[in-house]
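For reference, the structure is listed below as structure tokens.
The values are calculated or read from the model by the stated rules, or taken from the named source; none is laboratory data. Nothing here was measured: the structure is a model prediction, and the numbers come from that model. Heads up, the Cβs are rebuilt from the backbone with ideal geometry, glycines too, and the neighbour counts pull from every protein chain shown.
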Amino acid sequence: MKRLLTTLSISCIAMIMAVQVIAADTIKIGFNLEMTGDIPKVGESSKFAAEMLKADINGAGGLEVGGKKYKLEFIYEDNEAKAESAVTTTLKLIEKDEVLAMIGPNSTKQAIPAGQVANDNEVVMISPWSTNPDTTFNRPWVFRAAFLDPFQGPMAVNFAIKTFKAKTSAVLYDLSNDYSKGLAEIFKKLFESKMGAGSVLAFESHGTKDQDFSAQLTKIIAAKPDFIFLPDNYNQVALIVKQARQLGFKGEFMGSDAWGSSELMTLCGKDCVGLHFSTHYAAAGATGATKEFIERYKAKYSYTPDDVAALTWDATGVVLKAIQNTGGLTGKLKKDRKAIREGMAAITSFSGITGNMKFNEQGDPIKCGVVVQITKNGEFAFNESICPE
Amino acid sequence: MLRRYSVHLSLATVGGLIVYLAHQEYISLYIMSVLMFMGVNIIMSTSLNLVNGYMGEFSCGHGGFMCVGAYVSSLLGVWLFAGDKVFGAPLLNPKYTLYAFPLLILVGGIAAALAGLLVAIPSYKTRGDYLAIITLASNYIIISVIENIGAIGGSRGFMGMKQLINAMGKSVDLPWMPIWVFLFTVFCIWLMRRYISSTFGKGVIAICQDEVAAEIMSVNTNKIKTITFMVSSGMAGIAGGLFAYILGYVNPGSFNILKSTEVLVMVYLGGMGSLSGSVLSAILFTILLELLRPLQIVKWIVIPLLLIILMQFRPEGIMGNRELGDIFPKLKKFYRFK
Amino acid sequence: MLLSIENLCVKYGNIQPLHGITFHVNEGEIVTLIGANGAGKTTILYSIARLPPPEAPRVISGDIVFQGQSILQTTPSDVVKNLHLALSPEGRRIFGNLTVWENLKLATYARAKEADLGKEYDYVFTLFPRLKERRNQRSESLSGGEQQMLAVGRALMTGCKTLLLDEPSMGLAPVLKYELFRKLKQLNEEGMTILLVEQNANLALHLAHRGYVLDTGTIVAAGTSAELLGNPEVKKAYLGG
Amino acid sequence: MSIPTEKRPVLEIRNLTQNFGGLRAVSDFNIQLMPGELSGLIGPNGAGKTTVFNLVSGFYQPSEGAILIDGVPTGGLKPHKVTALGVARTFQNIRLWNEMTVLDNIRVAQHYRLGYGFFHSAVRSKRYMRREAEIAREAAELLDIFHLTQYADEFPKNLPYGTQRKLEIARALSIHPKLLLLDEPAAGLNSSDIQELIRLIRWIHEMFAVTIWMIEHQMDVIMQLCTRIKVIDFGETIAEGNPEEICNHPAVITAYLGDDTI
Amino acid sequence: MENLVQNIINALQWGSFYALIALGYTLVYGVLTLINFAHGDVFMVGAYIAFFSATFLLTTLGLPGWIALALCIPVTMILTAMVGVTLERIAYRPLRNKGAHRLYVVITALMCGLILEHANLAIFGASRKAFPQLIAEHVYTIGGVTFTNLKIAVIATAFLAFLFLHWMVTRTRVGMAMRAISYDKFAVPLLGIPLDRIIVVTFILGSGFAGLAGLLFAMSYPVLEPYMGALIGWKAFIAAVVGGIGDIRGAFLGGFLLGAVEIMVVAFFPSTFRDLIAFTVLLLILTWKPTGLFGIAKTTKI
């Protein structure tokens, strides 16, 4: 019995030592992702992109920081798309896994409370996808890779007025999805300020898991708008566009970055051809690193990466760059994390696959957006690029 | 004498120890947060057990009441003590937060108890699965109401509660959230035990076993039902308030049917009509969820599977309708369980 | 011997309600089991009908032999289908949400399609004319006596040749009780074997040929009805006064 | 009212009529029970006997007519209020709270005079402690009188049937009723139990000085106990009188008693 | 006016799905008083089975769309029925035989639903599936009212399914046995009726129609994901109860009622109030008729 105990304790100690030995040469980054729950696809895309990046860098011998090569270790945790779970997950990553920085959560519902925790514990967190201003507001340790709703809203308004020559519009959005709701409201305000009060003829909502939109669409179609603004997730977009066509609507749709998934076209098919949406990057006709990313991702996971994948890639890239900016890791967690925070602030320009970005004082990126059009082949072709004034 | 107070003493010791360890940072924040959510889950499962186990109804919209409590106590707290976009400057000096905090949580509880009337009044006429629908519908209604009030963020959620926690920490440097969660958990269990063990509260069990006989034998069934629903939803409201302050952020989506079913599972896992069963199952369930986190998606196959298998062996839940004192009679020396 | 119970011991969980019961029923007889509540009378009937747990107990020893064969392995539906043995349970247990007619029709579920059922319906309706009047009523709305008649009629429609009756007189007004017992006698005269469990021992013994007296899971007295009625011990303990 | 107290009927039913949908379950029912009476109500199945009891205990609201308990009309009162006026009853098929101890079964029946509510139960006020102690003492006394003390911590479902009947009557008596309604107390009892039951009811009648009204099919019980019997069929009174008169009443014989040859 | 007619058609189509799923809830509930919370997920499995068989028939075998559809219907119904029966066999029946409290069976059903959802997620990944088009869709417009052949087919199928089940339950001996079990399970074997077999038949019917609903749903809303059955399942359960759970007519009417309420609220009120108003209406209906539209209060006999 005694011997067994001794053996056990020795092996335990040995394991702990071994872990520490490894830890000395690795950089741990936590991923707080929505792998189950409402939006498993988002978590999956993020994870895939991160895996690809890790394979790249580790394949090349690791990340060079201050003249020393470190292997990357990514720790993926599932936050079940629940706020409370996102908090425990964040704490787990910070304290138990001792990560240097955290990527995610993607969805605002999880990103806001998780951001609070990361900020309190002084760990850099970057949310690839969250667009709610509250996520980073007054939180020096929290960043994001996506542009904000107040930027994307005007993009859609200006484009529609210019390209569609639209005088009236209608909006259909997801009431329980804060992203969709926020964007819809910004759009409405802006469009009415430009085209006069009442020019948004219908402002309708639906629930997150709804599948039938016929009543809302009937109402919208009866109002005869020039186009419908649809700040919705791609799976719902597919259903909404199809149903609108079935109800006899032949007009234009304008979408937002949440459309940007390769799945959109598998789900929607020919009904979506020719539609426009604003997004972070245009996959079709992409060049350079972006093109390479898309093609490799496609080869590996057999579908075109969506915006979450691209943003995760960039978010992770930003963090890695910040780590490099520290000019060398000390191995002391608190100090390194602080150094990374400073490294983030030191980024003047980062050229990611979703465009060039730098961060303002709130930790939000200043970057350009594009409007793409869906081609007959189901590719998202570049139409116009719009940069913040 | 010592025996009589043994439970009080041991509770005080455990509480003190947790606070001390947390304060000295021997317990990591991660463990602490799991413990705090465990407290919230304990309150949720015991309070639902009051309705589903003791009274024999089938309420499956408990998340809705939690939502009411969470919103009311956080809105009130932020309005009174914290600067906010919606409410502007705080009305009262933040340094009083510490004294007002339990009141904030209790007000949330009272608001949830009032929302409980939404279910209690139809329950006079309806029972069983029809009542289940009423609770379910009330859950949807509560969430929908909050989503429709843009001023408090709607589906964007509401935040700012962190400022209160910080203010408390400034007054006296202690980890306040764990302390409050611990105190309120003990308070809720204590309240429930007293209610259920009084002759007055035994009317609840009488309703469960034979409502007609209860009414004929002078139990005012409508009154008892109302009180029980209100106590139960009020406690859910307290749990909601704590939940909101732990997270520092609330969102109506956190209190949907999934939340409600999670609580349901805890109640039935522990055993209907067993207070200690509910506490035990809430603890086990929280730990299980945390331990199996590395399994990611597979976790949500393994946990239901475990529960199904458990039900096959113990079709009455972990404790059935017995209490700890019935299983370990020696404990009765220290405490009267019924 | 049509049915014989040999040294039967059964258990509900950890409770053993029967401790070695032995008795038999001959073809064409009316046999009654009498005894106090909880003596195990209903348990015996459930065991014979082979109901599955939790209603019925587990046989731990002994045997139930019907027409020379053990029926311990038979399923309850086969008891009805192949052995033509039907139980009319305590408390009637008719299907209140079905009409009288549907209750009767349902009882023919296990029977071969080609059987000439019309005659049997007629038989039940002549035996209990009030059922015919109410054939399209929801059976919930029948009075207690009519429900009991439906319960017996339903058992008959299964095509049974042996009828097990559990407390048929319970809750019946005297006039209905006597009417029902007269019908049972008529049935028996037409060839039906009846095993009757009754609370009302006096009445049961006046109807039956033979009787067994049960007390807490054992048989304490047996004999013809006349013998039992004359037995002062039995009279004191079970017949009152 | 000008009637002196001792002459006032404990129960007075005037022109009671009850309709269920199109069905008339009770029609124009009248009765006066004087204090200390032991009266019977018989009739064929479905005659409306239990409906009358349900009306008296407030479980149904009468379509027409009035019920007065000790001069107080019960119209519009919920059953628990009627019980508080002093009407207790038992049920045809025993309705005890099966998974609550025997002692608790008695205690819960004290709800009408608890005198405290949720708040007191939570803070365990002085009043609460006093009332609980009183209730516990009285319940223990009652169990003692009924020789049920040995079962105090048992669940009723584990008791013999006869004892359950007795417990149900004890529970009804624990609310100190003026009027005790017994709905087929002998149902399910065998002959020797019935003899004991008759003794028990007689003893209760004297000991508690309570007015008893009972429904029973067992003619033995009715004949031995009751001084006055009312017979109803299809909700209408067909006969009323002492046991002897009832036994020989031709309408009763056709509708209810029949002839007892098999 | 056109709008009203259009919305009635929308409501009929959407109600058809609620009705078809609610029928399954009500059948199982009627027989076992078991709220089969896994039913929504059985419906989801049905949609996935339809997806795989349709893709197999269309692409691997290269059959024309209408033949594929004709084959798809029985295949989906049979396979989904098997899923339902398997659940009954391995999860519910052992509990029932142990005499567990019925709510424990309900919780088991809830767990089974979770397993179905997440097993699907784990096996097929998070990508949504696009259901292939089996028959060409035609959009007809008559007097400003637009509808498609598919919509008409869905509504017709719902009505046919109802008529079939209603006939089955009221006219056949199996149906009578099902109703008998719902009233008193105990007495059923005493009439020579094999209890378990009737229960299996119930699950076959309920799950089979859930499979059919899944196929039609996938054709109408061709985006499949593992959680697609959860919400619609809960709502169909609500519909079944509002109609009077345990009654076929109730489930059918309740389904259409819920569909109509949801659509009409959106049509005539701001759509953000949809859940609020729809559920308040249902709550009021239940307060007015505490046992649902067709439910019969179980008379408490004293």
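Numbers at a glance
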read-out	value
Tally of residues being within 24 Å of E:Ala119 (Cβ to Cβ) and buried (at least 17 other Cβ atoms within 10 Å of the Cβ) across segment E:58-81	7
Meets criteria (among the β-branched types (Val, Ile, Thr), within 9 Å of E:Gly211 (Cβ to Cβ) and either touching a His at 6+ places or on another chain (Cβ under 9 Å) or touching a residue at least 12 places away in the same chain (Cβ under 8 Å) (or both)) for E:Thr55	no
Subset tally (residues that are closer than 22 Å to D:Cys226 by Cβ and either at pLDDT below 90 or surrounded by fewer than 19 Cβ atoms within 10 Å (Cβ to Cβ) (or both)) for segment D:27-36	5
Among (1) out of contact with any His (no Cβ under 6 Å at 6 or more places or on another chain); (2) modelled with pLDDT under 85; (3) within 22 Å of D:Asn190 (Cβ to Cβ), the one test that D:Ile262 misses	(1)
Segment D:27-45: number of residues that are touching a residue at least 60 places away in the same chain (Cβ under 8 Å) and within 14 Å of chain C (Cβ to nearest Cβ)	5
Failed item, numbered, when E:Thr33 is tested on (1) under 29 Å from E:Thr148 (Cα atoms); (2) surrounded by fewer than 19 Cβ atoms within 10 Å (Cβ to Cβ); (3) among the hydroxyl-bearing types (Ser, Thr, Tyr)	(1)
Wholly within segment A:248-347, helices (runs of 4 or more DSSP H) carrying at least 2 residues that are surrounded by fewer than 16 Cβ atoms within 10 Å (Cβ to Cβ) and aliphatic (A, V, I, L, M)	A:288-301
Residues of segment E:194-228 satisfying the condition of being within 14 Å of chain A (Cβ to nearest Cβ) and within 10 Å of the chain's Cα centre (by Cα)	E:Ala213, E:Gly214
Scan of segment C:39-64 for residues that are closer than 18 Å to C:Glu90 by Cβ and not in a loop (DSSP other than H, G, I, E, B), ordered by number	C:Lys41, C:Thr42, C:Thr43, C:Ile44, C:Leu45, C:Tyr46, C:Ser47, C:Ile48, C:Ala49
Which numbered condition E:Leu34 fails, given (1) at pLDDT 90 or above; (2) in contact with a helix residue (DSSP H, G or I) (Cβ under 8 Å, 6 or more places away or on another chain)	(1)
D:Tyr151 over 19 Å from the mean Cα position of the chain (by Cα), free of Cβ contacts under 8 Å to residues at least 60 places away in the same chain and within 8 Å of another protein chain (Cβ to nearest Cβ)	no
Exclusive hit being surrounded by fewer than 22 Cβ atoms within 10 Å (Cβ to Cβ), among the charged types (D, E, K, R), facing another protein chain (nearest Cβ under 10 Å) and not in a loop (DSSP other than H, G, I, E, B), set D:Arg24, D:Arg127, D:Arg131	D:Arg131
Residue check, D:Ala251 out of contact with any helix residue (DSSP H, G or I) (no Cβ under 7 Å at 6 or more places or on another chain), assigned by TED's automatic domain parsing to the domain that holds D:Pro177 and more than 19 Å from D:Gly188 (Cα to Cα)	yes
Filter result for A:Glu361 (surrounded by fewer than 16 Cβ atoms within 10 Å (Cβ to Cβ) and either assigned to a loop (DSSP other than H, G, I, E, B) or in contact with a Lys or Arg (Cβ under 6 Å, 6 or more places away or on another chain) (or both))	yes
Answer residue from segment A:66-80, given it is surrounded by 19 or more Cβ atoms within 10 Å (Cβ to Cβ) and more than 9 Å from chain B (Cβ to nearest Cβ) and is farthest from A:Thr208 (Cα to Cα) among those	A:Tyr70
In segment E:9-18, residue surrounded by the most Cβ atoms within 10 Å (Cβ to Cβ) [restricted to those that are touching a helix residue (DSSP H, G or I) at 6+ places or on another chain (Cβ under 6 Å), more than 17 Å from E:Ala218 (Cβ to Cβ) and hydrophobic (A, V, I, L, M, F, W, C)]	E:Ala11
Residue that is surrounded by the most Cβ atoms within 10 Å (Cβ to Cβ), among those in segment D:104-122 that are facing chain B (nearest Cβ under 7 Å) and assigned to a loop (DSSP other than H, G, I, E, B)	D:Ala109
Count of segment C:202-228 residues which are surrounded by fewer than 24 Cβ atoms within 10 Å (Cβ to Cβ), in a helix (DSSP H, G or I) and within 14 Å of chain D (Cβ to nearest Cβ)	5
The listed residue being in a loop (DSSP other than H, G, I, E, B) and either modelled with pLDDT of 90 or more or among the aliphatic types (A, V, I, L, M) (or both), out of C:Gly28, C:Gly20	C:Gly28
Identity of the residue in segment D:174-198, β-branched (Val, Ile, Thr) and within 22 Å of C:Glu233 (Cα to Cα), that ends up surrounded by the most Cβ atoms within 10 Å (Cβ to Cβ)	D:Ile194
Selected residue (criterion: farthest from the other protein chains (Cβ to nearest Cβ)) from residues of segment C:65-115 that are surrounded by fewer than 16 Cβ atoms within 10 Å (Cβ to Cβ) and either in a loop (DSSP other than H, G, I, E, B) or in contact (Cβ under 8 Å) with a residue 60 or more places away in the chain (or both)	C:Gly68
Hits in segment A:139-164 (condition: free of Cβ contacts under 8 Å to residues at least 60 places away in the same chain and farther than 24 Å from A:Phe277 by Cβ)	none
Contacts under 6 angstrom Cβ, first residue in segment D:62-79 being crowded, with 19+ Cβ neighbours inside 10 Å, partner outside any loop (DSSP other than H, G, I, E, B) and aliphatic (A, V, I, L, M), 6 or more apart	D:Pro62/D:Leu16; D:Pro62/D:Leu55; D:Ile67/D:Ile13; D:Ile67/D:Val56; D:Ile69/D:Val87; D:Thr74/D:Ile67; D:Thr74/D:Val82; D:Pro79/B:Ile216
In segment D:89-103, residue surrounded by the fewest Cβ atoms within 10 Å (Cβ to Cβ) [restricted to those that are within 8 Å of chain B (Cβ to nearest Cβ) and touching a strand residue (DSSP E or B) at 6+ places or on another chain (Cβ under 9 Å)]	D:Phe91
So B:Ser260, is it within 18 Å of B:Met36 (Cα to Cα), polar (S, T, N, Q) and assigned to a helix (DSSP H, G or I)	no
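Conditions tested, residue by residue: (1) crowded, with 24+ Cβ neighbours inside 10 Å; (2) more than 23 Å from B:Leu307 (Cα to Cα); (3) modelled with pLDDT of 90 or more; (4) more than 14 Å from chain A (Cβ to nearest Cβ).
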position	(1), (2), (3), (4)
B:Ser232	yes, yes, yes, yes
B:Met235	yes, yes, yes, yes
B:Ile238	yes, yes, yes, yes
B:Tyr245	yes, yes, yes, no
B:Phe255	yes, no, yes, no
B:Thr261	no, no, yes, no
B:Val267	yes, no, yes, yes
B:Gly273	yes, no, no, yes
B:Ser276	no, no, yes, yes
